[in-house]
Amino acid sequence: MTAPRVPLPSPEAMSPVQRALYDRIIASPTRRMVGPQRANIHSPELAEAWWQLGDMLRNRTVLPTMLIELAIIVVGRRWTSQVEFHVHGAAAINAGLDRAVVEAIRQGAPPPLGPGQEREVYEFARQAQMNGQVDDAVYAAVLARWGERGTVELTAVIGFYTMVSIALNLHRIPLPDGATPPLASIGHEDGLAPLPPSGLA
């Protein structure tokens with residue numbers, strides 16, 4: 001495993017301000033600090049704002065957790081973000097997403113999704129990641145199902161976890177101890193993986 005590019009301080013090595021924020025994060029529903037916050041803690045104000053936004057997007061949107069986690073793993077696969085997929089692949093399954101769907105996304109294969117809310121969210125996230133845009137039919141489907149609030153919240157989830165993936169990759173945040181990297185490099189030399197459309201009609 002490649003070493004991190006910045007020091008990742010242990011709780012014992014943190015300043016009082018860093019440690020106070022760390023203790024609040026650990027005591028919250030977040031419960032642990034395994035991702036980009038390990039680097040962000042060097043800027044406590046950034047880490048605080050990051051935590052607050054991430055907590056809202058994971059826990060207080062109108063979309064069910066399963067769909068939030070589906071969008072997150074689409075982003076993680078696009079950016080070949082090992083920590084993001086490791087954490088959120090398991091979370092997606094725990095939230096009720098079919099393991100075969102998670103595995104297909106992990107492999108870069110068309111996920112077996114029929115018509116419905118899961119396919120709509122997958123396509124919304126996939127097109128946003130591949131094209132920087134979402135076509136009118138996909139946008140309209142999400143809007144019809146989840147309204148204005150759900151549509152802007154889903155967009156924010158995709159944007160936030162793109163930022164998470166970039167931070168994880170650039171700082172080279174390691175996987176938790178003993179974890180095996182879940183993602184192979186596929187697609188382009190720049191590390192961005194292609195995301196195929198759903199595999200079911």
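The values are calculated or read from the model by the stated rules, or taken from the named source; none is laboratory data. Fair warning: this is a prediction, and the values are worked out from it, not measured in the lab. Here the Cβ positions follow ideal geometry from the backbone for every residue, glycine too, while neighbour counts run over all protein chains shown.
Here are the numbers:
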item	result
Subset of the stretch 128-138 (residues that are surrounded by fewer than 18 Cβ atoms within 10 Å (Cβ to Cβ) and closer than 19 Å to E69 by Cα)	M130
One residue from W79, W50 being out of contact with any strand residue (DSSP E or B) (no Cβ under 7 Å at 6 or more places or on another chain) and free of Cβ contacts under 8 Å to residues at least 24 places away in the same chain	W50
Criterion (buried (at least 20 other Cβ atoms within 10 Å of the Cβ), more than 23 Å from N40 (Cα to Cα) and of a type outside the set (G, A, S)) met by exactly one of L143, L97, L168, L192	L97
Boolean, E118 is of a type in the set (D, E) and in contact (Cβ under 8 Å) with a residue 60 or more places away in the chain	no
Within the stretch 1-50, considering residues that are assigned to a helix (DSSP H, G or I) and charged (D, E, K, R), the one nearest to A91 (Cα to Cα)	R38
Unmet requirement for A179, which otherwise passes all of (1) modelled with pLDDT of 95 or more; (2) within 24 Å of A193 (Cα to Cα)	(1)
Qualifying positions in the stretch 51-94 - outside any helix (DSSP H, G or I) and not β-branched (V, I, T)	R60, L63, P64, W79, S81
Residues that are more than 17 Å from the chain's Cα centre (by Cα), among the β-branched types (V, I, T) and within 22 Å of Q37 (Cα to Cα), drawn from the stretch 141-189	T180
Residue within the stretch 170-182 that is on the phi > 0 side of the Ramachandran plot and without any contact (Cβ under 8 Å) to a residue 24 or more places away in the chain present	yes
Some residue of the stretch 78-94 being under 16 Å from S198 (Cβ atoms), among the basic types (K, R), over 15 Å from the mean Cα position of the chain (by Cα) and not assigned by TED's automatic domain parsing to the domain that holds A20	no
